[in-house]
1. Scan (1) out of contact with any strand residue (DSSP E or B) (no Cβ under 7 Å at 6 or more places or on another chain); (2) farther than 19 Å from residue 57 by Cβ for the single condition residue 92 breaks and write down its number.
2. Identify the residue in segment 168-180 that is surrounded by 12 or more Cβ atoms within 10 Å (Cβ to Cβ) and outside any helix (DSSP H, G or I) and, among all such residues, is modelled with the lowest pLDDT.
3. Checking the conditions here, which among 144, 165, 133 is under 20 Å from residue 52 (Cβ atoms) and not in a loop (DSSP other than H, G, I, E, B)?
4. Only one of 87, 127 is part of a helix (DSSP H, G or I) and touching a strand residue (DSSP E or B) at 6+ places or on another chain (Cβ under 8 Å); which?
5. Out of segment 113-124, which residues are assigned to a helix (DSSP H, G or I) and over 17 Å from residue 152 (Cα atoms)?
6. Could you look through segment 155-167, keep only residues that are under 21 Å from residue 122 (Cβ atoms) and exposed (fewer than 11 other Cβ atoms within 10 Å of the Cβ), and pick out the one that is farthest from the chain's Cα centre (by Cα)?
7. What pairs come out if I take residues in segment 147-172 that are on the phi < 0 side of the Ramachandran plot and touching a residue at least 24 places away in the same chain (Cβ under 8 Å) and pair them with residues that are surrounded by fewer than 16 Cβ atoms within 10 Å (Cβ to Cβ) and in a loop (DSSP other than H, G, I, E, B) whose C-beta lies under 6 Å away, six or more apart or interchain?
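The values are calculated or read from the model by the stated rules, or taken from the named source; none is laboratory data. This structure is a prediction, so every number in the text was calculated from the model and none was measured. Positions of Cβ are generated from backbone atoms using ideal geometry, with glycine treated the same way; all protein chains shown enter the neighbour counts.
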């Protein structure tokens, strides 16, 4: 069944030329791994969501994206239109938060979390944007805030997925600033 879905996606997106690399990236994680990663990304996003909700109390798009992610985790029912719509709506909310980096990054974390239902690697984006939200919200103590949250995040995953996340979501201090990056390679 999963192979049929991948084949259909490859045909309809015109990605057949890169079939081997795309299939390898998608199949790197089991469906159970993908659900664990989605739940984890939703947790990461939810922890920073107050930065968005304080600034935009009536805008539910990021919260709704997290809810859509959790529904997929709980039910396994996948609707590309619903997942894509929730992700795009959260990212639109991020654009509406221009000038407020913590709010913007929190909304982006929610958009990445729900996108994990489509592509597992989006989970790393949920972690990444959550860490960026904390760095932006705590400029005087960004290093400690980000390192503490990164540790919290990594300790929430099973060992094998935690090792992968530590390899992917990297924190670096450069001079007086904290940099959060997502490391990619050929199977990302």
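1. (2)
2. Top of the filtered list is 173.
3. 133
4. 127
5. The answer is 114, 115, 122.
6. That would be 160.
7. 168/183
Listed here are the residues, each with its yes/no results for (1) surrounded by fewer than 19 Cβ atoms within 10 Å (Cβ to Cβ); (2) at pLDDT below 95; (3) under 25 Å from residue 186 (Cα atoms).
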position: 17; (1), (2), (3): yes, yes, yes
position: 21; (1), (2), (3): yes, yes, yes
position: 90; (1), (2), (3): no, no, no
position: 107; (1), (2), (3): no, no, no
position: 111; (1), (2), (3): no, no, yes
position: 127; (1), (2), (3): no, no, yes
